[in-house]
1. Could you check, for the range 290-299, whether at least one of its residues is in contact with a helix residue (DSSP H, G or I) (Cβ under 6 Å, 6 or more places away or on another chain) and in contact (Cβ under 8 Å) with a residue 60 or more places away in the chain?
2. Among the residues that make up the range 222-241, is at least one of them modelled with pLDDT of 85 or more, open to solvent by 40 Å² or more (accessible area, probe 1.4 Å) and not basic (Lys, Arg)?
3. Which one of these is among the hydroxyl-bearing types (Ser, Thr, Tyr) and out of contact with any Ser or Thr (no Cβ under 9 Å at 6 or more places or on another chain): 312, 321, 343?
4. Return the pairs, sorted by first residue and then second, in which the second residue is buried (at least 21 other Cβ atoms within 10 Å of the Cβ) and part of a loop (DSSP other than H, G, I, E, B), the first residue lies in the range 349-360 and is hydrophobic (A, V, I, L, M, F, W, C), the beta carbons are less than 8 Å apart, and the residues are 6+ apart or on different chains.
5. Tell me, yes or no, whether the range 302-325 has at least one residue that is modelled with pLDDT under 90 and of a type in the set (D, E, K, R).
6. Out of the range 333-352, which residues are touching a His at 6+ places or on another chain (Cβ under 8 Å), closer than 13 Å to residue 246 by Cα and open to solvent by less than 60 Å² (accessible area, probe 1.4 Å)?
7. Helices (runs of 4 or more DSSP H) wholly in the range 95-196 with at least 1 residues that are within 17 Å of residue 222 (Cβ to Cβ), free of Cβ contacts under 8 Å to residues at least 12 places away in the same chain and touching a helix residue (DSSP H, G or I) at 6+ places or on another chain (Cβ under 9 Å) - which ones?
Amino acid sequence: MPEPRSKAQLAKTALKLALLKYNPIGLQAKLIIAGSALAILIILIFTAGLFSMFSNSDDSSSGVGVGVGPASVSPEVAQYRDAISSELAKYEMEGQTELLLALMMQESGGKGNDPMQASESKCGSIGCITNPDESISHGVEHFVSVFKSAKKDVKLTLQSYNFGSGFIDYVLKNGGAYTKELAISFSQLQYQKLAHTGLYKCSRPEAIQHNACYGDIGYVEAVLKYLPSARAGSSAMIAGDMAAPVSNAMRVTSNYGWRNIGAGPEHHDGIDLGCSEADSIHTVKDGTIVYAGTYGGYGNVVTVQHAANSFSTYAHLSRISVQVNQKVEGGNQVGMCGNTGRSFGSHLHFEIKTQMWGGYMDPAPFLFKEA
């Protein structure tokens, strides 16, 4: 069977035939016919280009809510970028490379023999995967499977990678799309069944509040914070003039972003401002106290909610002077500078974010505006 010819080849043949057929007419007719055929050829090529453009606009591997641009991950994770991309290429899903890097960052920070923490999905127990290549191979395979079952809902995929595929069935029976509320309710149900095993504990104050200690209810936000589209927030998030969070002249002692203070690379989710225990700490905007207590490395910490997607946090305080549900105005005192928690000298760790326990942003542009 002869090989099918392209639209361009067919147009050229039509042109030749037209010129042969109307040869007696003369040069002027030939030029008119040639021009008409050329116009047809251009239309065919343009139409084919448009068709190609629109037919490719819905990439089957893109999913919903994927960040664009390189993930902000540690060097230990970044070294696996090519390996993850190659593995995803087997499923024609290379576009998910940065998302998988963000997932690995949350799972292990790129450390250990199972950086994707894929052992449980492979054999039901921790430790059966003993080298990074196997971890990436199975981790990607498991991710792709979950991604398809979740109907390309990225948030549902991520939470199911953490909870297990049972969460997908739960969501499909309760609206069909991921919500944080469904993640909390599923965790509550599973924890009620499994709390007696002693295998699960609350990893976040938010989980304690909801008694939702199965898995990590904040997993989606924790992964997506490493992607540019999730990190980018509206500059109006905490818009307007801000009160200074410390009572002295603000002096940055540690910037937002990656740093190494002795335990390897880690992401610093806020900025540190120098202060002494004689300095008072103030909320930068009006709001409501949503957390006031001790939390891990934060020591004594206060979080203020300013709007639906606007929060600020003040950590390492020596003393807290507010309580949960209290209304505050910008400039009101929330505590005193201190050295509690994981701290190496008195200072304020200050955060601006779009969720209570996630969506971190660099506070510096908000505090130090250009003149």
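1. Yes, there is a match, as at least one residue in the range 290-299 is in contact with a helix residue (DSSP H, G or I) (Cβ under 6 Å, 6 or more places away or on another chain) and in contact (Cβ under 8 Å) with a residue 60 or more places away in the chain.
2. Checking the range 222-241: not a single residue is modelled with pLDDT of 85 or more, open to solvent by 40 Å² or more (accessible area, probe 1.4 Å) and not basic (Lys, Arg).
3. When all the criteria are applied, what remains is 343.
4. Qualifying pairs under 8 Å: 350/245; 350/270; 350/363; 352/238; 352/270; 352/363; 357/218.
5. No - not one qualifying residue is present in the range 302-325.
6. At the first step, the residues of the range 333-352 found to be touching a His at 6+ places or on another chain (Cβ under 8 Å) are 333-334, 337-341, 343, 346-349.
From what is left, the residues that are closer than 13 Å to residue 246 by Cα are 333-334, 337-338, 346-349.
Once the filter is applied, which keeps residues that are touching a His at 6+ places or on another chain (Cβ under 8 Å), closer than 13 Å to residue 246 by Cα and open to solvent by less than 60 Å² (accessible area, probe 1.4 Å), the range 333-352 yields 334, 337, 338, 346, 347, 348, 349.
7. Those helices (runs of 4 or more DSSP H) span 97-107.
The values are calculated or read from the model by the stated rules, or taken from the named source; none is laboratory data. Nothing here was measured: the structure is a model prediction, and the numbers come from that model. Neighbour counts run over all protein chains shown; Cβ positions are idealised from the backbone, glycine included. Ligands, DNA and RNA are excluded from the accessible area calculation, which covers all protein heavy atoms including side chains. Shrake-Rupley method; radii C 1.70, N 1.55, O 1.52, S 1.80 Å.
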